[in-house]
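Trainee: One structure, as structure tokens, below. Some questions next.
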Amino acid sequence: MPIRIFIDQGHNPSGPNAGAEGSGLREQDVNYLVGERLAQLLNRDPRFTARVSRTTPVERLGTSNATSLQARVNMANAWPADYFLSIHCNASTNPDINGSEVYVYREGTQAYWLAQHILQALVKSAGTRDNGVRLNPSLYVLRRTRMPAALVELAYLTNVGDAAKLRQDPESFAQGIYNGLLSYFGFAPLG
């Protein structure tokens, strides 16, 4: 039976729970695109099956920040997914801050090991800086999912170099996450 991966493209296109902006990019648009590409990669691989939280670029989930997050978690739990990945972009008031990081609920868990594989492969594929796997038990999507969950911060919208990578080669971010999943499961690439 294929491994079920739920991909949450973080944030809504507008209204409640809209994402960060920087360098002419909107987080929710990048998240949607990378999530779609990742789902395509996974669904072409018979070892996986993937679903996304937003099926169109204009789909909005929930009527508030809280109900938007709850809707994403509920979809993953109801499926039920085997793993939950939430795709995000970072932003900072300091334009020099750059790189990728992955957040998990707790150290020493399957989610933590998965996050390490994803981050290593993402950095290699996209050419971003490795900012490490970080703990954040306050994040709703990590706290309320019933399966191992990781929140991937692809790169910083507010950094010129990172933003250029997100704009010019979003596929490298999706490919990196996919490669990280293959590494975590000990799978060889298709071919």
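The values are calculated or read from the model by the stated rules, or taken from the named source; none is laboratory data. Since the structure is predicted, the reported quantities are computational estimates derived from the model, not experimental observations. As a convention, Cβ positions derive from the backbone with ideal geometry for all residues, glycine included, and neighbour counts pool all protein chains shown. Quick note on the areas: whole protein, heavy atoms, side chains included, nothing else; ligands and nucleic acids left out. Shrake-Rupley method; radii C 1.70, N 1.55, O 1.52, S 1.80 Å.
Trainee: May I ask you to verify whether Ala121 is under 20 Å from Cys89 (Cβ atoms), open to solvent by less than 10 Å² (accessible area, probe 1.4 Å) and small (Gly, Ala, Ser)? Working first, answer last.
Mentor: Working: under 20 Å from Cys89 (Cβ atoms): yes; open to solvent by less than 10 Å² (accessible area, probe 1.4 Å): no; small (Gly, Ala, Ser): yes.
No: the conditions fail for Ala121.
Trainee: Which residues, counting only those in the range 102-117, are touching a Leu at 6+ places or on another chain (Cβ under 7 Å) and buried (at least 16 other Cβ atoms within 10 Å of the Cβ)?
Mentor: Selection gives Val102, Tyr103, Val104, Tyr105.
Trainee: If you go through the range 105-124 one residue at a time, how many are small (Gly, Ala, Ser) and more than 15 Å from the chain's Cα centre (by Cα)?
Mentor: Our first condition is that a residue be small (Gly, Ala, Ser); within the range 105-124, this holds for 108, 111, 115, 121.
Next cut, more than 15 Å from the chain's Cα centre (by Cα) only: 108.
The qualifying residues number 1.
Trainee: Still on this model: Taking the range 56-87 only, how many residues are buried (at least 18 other Cβ atoms within 10 Å of the Cβ), within 15 Å of Ser14 (Cα to Cα) and of a type in the set (A, V, I, L, M, F, W, C)?
Mentor: Selection size over the range 56-87: 2.
Trainee: Another question about this same structure. Do we have Val141 as in contact with a strand residue (DSSP E or B) (Cβ under 6 Å, 6 or more places away or on another chain) and open to solvent by 10 Å² or more (accessible area, probe 1.4 Å) here?
Mentor: Working: in contact with a strand residue (DSSP E or B) (Cβ under 6 Å, 6 or more places away or on another chain): yes; open to solvent by 10 Å² or more (accessible area, probe 1.4 Å): no.
It is false that Val141 is in contact with a strand residue (DSSP E or B) (Cβ under 6 Å, 6 or more places away or on another chain) and open to solvent by 10 Å² or more (accessible area, probe 1.4 Å).
Trainee: Sticking with this one: Looking at Thr128, is it surrounded by 24 or more Cβ atoms within 10 Å (Cβ to Cβ) and β-branched (Val, Ile, Thr)?
Mentor: Yes: the conditions hold for Thr128.
Trainee: Here is a further query. Quick check on my filter: what residues within the range 51-80 are assigned to a helix (DSSP H, G or I) and of a type in the set (Gly, Ala, Ser)?
Mentor: Matches in the range 51-80: Ala66, Ser68, Ala71, Ala76, Ala78.
Trainee: May I pose another question? Looking at the range 1-38, which of its residues are within 19 Å of Ala81 (Cβ to Cβ), in a helix (DSSP H, G or I) and open to solvent by 10 Å² or more (accessible area, probe 1.4 Å)?
Mentor: Once the filter is applied, which keeps residues that are within 19 Å of Ala81 (Cβ to Cβ), in a helix (DSSP H, G or I) and open to solvent by 10 Å² or more (accessible area, probe 1.4 Å), the range 1-38 yields Tyr32, Glu36, Arg37.
Trainee: Every residue in the range 101-131 that is at negative phi and free of Cβ contacts under 8 Å to residues at least 24 places away in the same chain, please. Step through it out loud before you land on a result.
Mentor: Keep residues of the range 101-131 that are at negative phi, which gives 101-107, 109-126, 128-131.
Correct list: Tyr112, Gln116.
Trainee: Same structure, new question: Among all residue pairs at least 6 apart or on different chains, which show Cβ distances below 6 Å where the first residue, located in the range 1-28, is closer than 21 Å to Ile177 by Cβ and charged (D, E, K, R) and the second is open to solvent by less than 30 Å² (accessible area, probe 1.4 Å) and modelled with pLDDT of 95 or more?
Mentor: Arg4/Ala81; Asp8/Ser53; Asp8/Arg72; Asp8/Ser86; Glu27/Cys89
Trainee: State all residues of the range 111-147 that are in a loop (DSSP other than H, G, I, E, B) and farther than 20 Å from Gly99 by Cβ; if no residue qualifies, say none.
Mentor: Scanning the range 111-147 gives Pro137, Ser138, Arg144, Thr145, Arg146, Met147.
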